[in-house]
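Let me begin by presenting the structure, written as structure tokens, before commenting on it.
The values are calculated or read from the model by the stated rules, or taken from the named source; none is laboratory data. What you see is a predicted model, and the numbers here were worked out from it, not measured in a lab. FYI the Cβ positions are ideal-geometry reconstructions off the backbone, even for glycines, and counts take in every protein chain you see. These area figures cover heavy atoms from the full protein model, side chains too; ligands, DNA and RNA do not enter into them. Shrake-Rupley method; radii C 1.70, N 1.55, O 1.52, S 1.80 Å.
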Amino acid sequence: MPDADRRDTQEKGFLNHMADKEQRPLPGRSSQAGKLPQPEKKLQEAVCVLLVELCERFTFFGIVCNMILFCTVKLGYRSYQAAIVNMCFVGTSTLTPVLVGWLAEYLVGRIKLVCICMFLHFLGTALLPVVSFPFEDVYIDRRHVLHTLPKREQKIVFYFALLTASLGIGGIRAIVCPLSAYSLEDCGPKELLSFFNWFHWLVNLNSAVVFVSISYIQQSVARNLGFLIPFVSGLMAMITIHMVRGEMIYKPKADGSLLTTFGVIFSALKTCCVRYRYFGTGVTNWLDHAKENHGGQYSETQVEGTKSLARLFPLFAFQILYRTCIMQIPSGYYLQTMNSNLHFSGFVLPVAAMNVISIVPLLILVPILECINSWLFSSKDSGHSPTIYIVVGHLSAALSVMVAGFSEIHRKHFPQVEQTLSEEVLLVSSMPCFHLAPQYILLGVAEALVTPSCSLLSFRLVPERMRGISMHFLALFNGAGCFMGAFFVQTAHAGTQGNWFPHLLHEGKLERFFFFLASLMVVNTLGFWTIAHRYNNLHQDCTNEFRGSLPGEKLLKHEKAIKRYNTVLESSPILSPMEKT
């Protein structure tokens, strides 16, 4: 029977492949196959990745920190339009790493795409100062005729610069310094939470420096020094070129893809609808309809990986509205600060410097949380899960937006005064901007609790081969939260004829927008609290559980069990020789 012999040969080959895969070490960087890099090279790689990460965040926060002020004062945008532009840029920069990561794997190639993204990043950051800092600050001829760029061309160059910069940011985050480049495969829950805490601590420390320095330079001192941003981008490009030449660009394992995951979901939905309509359902999980033995197009390996990822979709979905609240810092909160009194002891504070108040709680809380986590994870029976951090963080975000509504009512009770921002005289409330500090602090507490915990759950609760895809899905939902914030602003402005999100804050009811968002966030928090128990067990080995469900692994286990049973029969003194034969 040739078919049976061929099937036996295929099964034996698959078993040998799976057995070899068990003993094969995990692939690392692509420098030398089969050899571990030297400690010096590992240190150099870590330093380069960290420097690129910090430079990228420096340029990103440098663009975001005063975008609303530039759009309203220089481009003549309404307040709600400036807020939408800022949130859309942040959302696009969050989503582009997912797109660029897919392009690097399937269409262009990693090294070639790195060079393209670095060029786009430098082009975007070089064009932004050209638009933001008008030519009259640089070029004045002998007749003192000012060479200004027309508004229409200025807006075109501005949007083109934002688009190219966001694409470059996506390439850097996806290829040069992805999360998998930090070699977290063998870390436990305690080590992973510690890494995410300190990683976000370092990123926010960098952003605090940017918000204080760059925002002050752009707003008050010498706006042409804003060319410091493309200089940092160029420095980042040189470090990246050094990494390319030294073969230090991380190359992940091509075990799964985002397209395969979407394909499994759509195939399961299609097959599930057809079978439910005509034959009824006969599987335990709706995603099983995508398996080949149930009429689908995908193997059991691919479907089981997607099933483990699908458990996290409710967690991701509840982060959308939370991210919308966080996006009030560069939109609604920024406008409140911009329309408050920024004078402090004869010194005009930069508007974006108030963002530092939201960063300070995170910088303080991370060391405290490290001590708490060390004590909680030391007890193996405690079953500690960071879901309680997420619930408390969501409550803190809801309370922050509610406080912002009351602060807006309080701000309108103060008389108006004139204030000069970026050489423009504005009528603002005489309330000191420090009265807005509580809402910033509460959002900072929320970020310290939620972001590292969500990263831990997204990374830990899926098999190793699905971790990169899981982090991509988290980025997709975070980006959706940014765009949802822009949608809320547009809808609130259009639906209330500018009353809920006015251009001049003292003429509208911005507090109603905050109260509406706070009520939605309270409902969102209660919803997550009802499902938080699904993510309590961090100590389950998802990799082994996932692998044990595959047919190859089951065959290996059965083969080992048969060999052990034969050994027991041969060595058993109870059975007689006749029984053994």
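What are the pairs with Cβ atoms under 6 angstrom where one residue, in region 404-424, is open to solvent by 80 Å² or more (accessible area, probe 1.4 Å) and the other, located anywhere, is hydrophobic (A, V, I, L, M, F, W, C) and in a strand (DSSP E or B)? Sequence gap at least six, or different chains.
Listed pairs, sorted by first residue: Gln416/Leu427; Glu418/Val425.
Identify, by number, the condition in (1) in a loop (DSSP other than H, G, I, E, B); (2) among the small types (Gly, Ala, Ser); (3) in contact with a Cys (Cβ under 6 Å, 6 or more places away or on another chain) that Ala486 doesn't meet.
(1)
Report, ordered by the first and then the second residue, all pairs with beta carbons closer than 6 Å, sequence separation of six or more or different chains, a first member in region 306-322 that is among the hydrophobic types (A, V, I, L, M, F, W, C), and a second member that is crowded, with 20+ Cβ neighbours inside 10 Å and part of a loop (DSSP other than H, G, I, E, B).
Every condition considered, the pairs that remain are Leu309/Val462.
Residue check: is Glu418 of a type in the set (D, E, K, R) and part of a helix (DSSP H, G or I)?
no
Hey, among Cys325, Cys371, which residue is assigned to a helix (DSSP H, G or I) and either open to solvent by less than 10 Å² (accessible area, probe 1.4 Å) or in contact with a His (Cβ under 9 Å, 6 or more places away or on another chain) (or both)?
Cys325
Each row is one residue, and each column tells you yes or no for (1) at pLDDT 75 or above; (2) touching a Pro at 6+ places or on another chain (Cβ under 7 Å); (3) assigned to a loop (DSSP other than H, G, I, E, B).
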position: Cys187; (1), (2), (3): no, no, yes
position: Phe196; (1), (2), (3): yes, yes, no
position: Val232; (1), (2), (3): yes, no, no
position: Val244; (1), (2), (3): no, no, no
position: Lys251; (1), (2), (3): no, no, yes
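Taking the options Leu103, Leu113, Leu99, Leu123, name whichever one is within 19 Å of Phe58 (Cα to Cα) and among the aliphatic types (A, V, I, L, M).
That would be Leu123, the only listed residue that is within 19 Å of Phe58 (Cα to Cα) and among the aliphatic types (A, V, I, L, M).
Select from region 446-502 the residues that are β-branched (Val, Ile, Thr) and in contact (Cβ under 8 Å) with a residue 24 or more places away in the chain and write down the one among them that is farthest from Gly332 (Cα to Cα).
For region 446-502, the residue satisfying everything is Val462.
Check region 285-294 and report whether any residue there is modelled with pLDDT under 65 and charged (D, E, K, R).
No, the conditions are met nowhere in region 285-294.
Any residue that is at pLDDT below 65, under 21 Å from the mean Cα position of the chain (by Cα), of a type in the set (A, V, I, L, M, F, W, C) and on the phi < 0 side of the Ramachandran plot - is there at least one of those in region 145-166?
no
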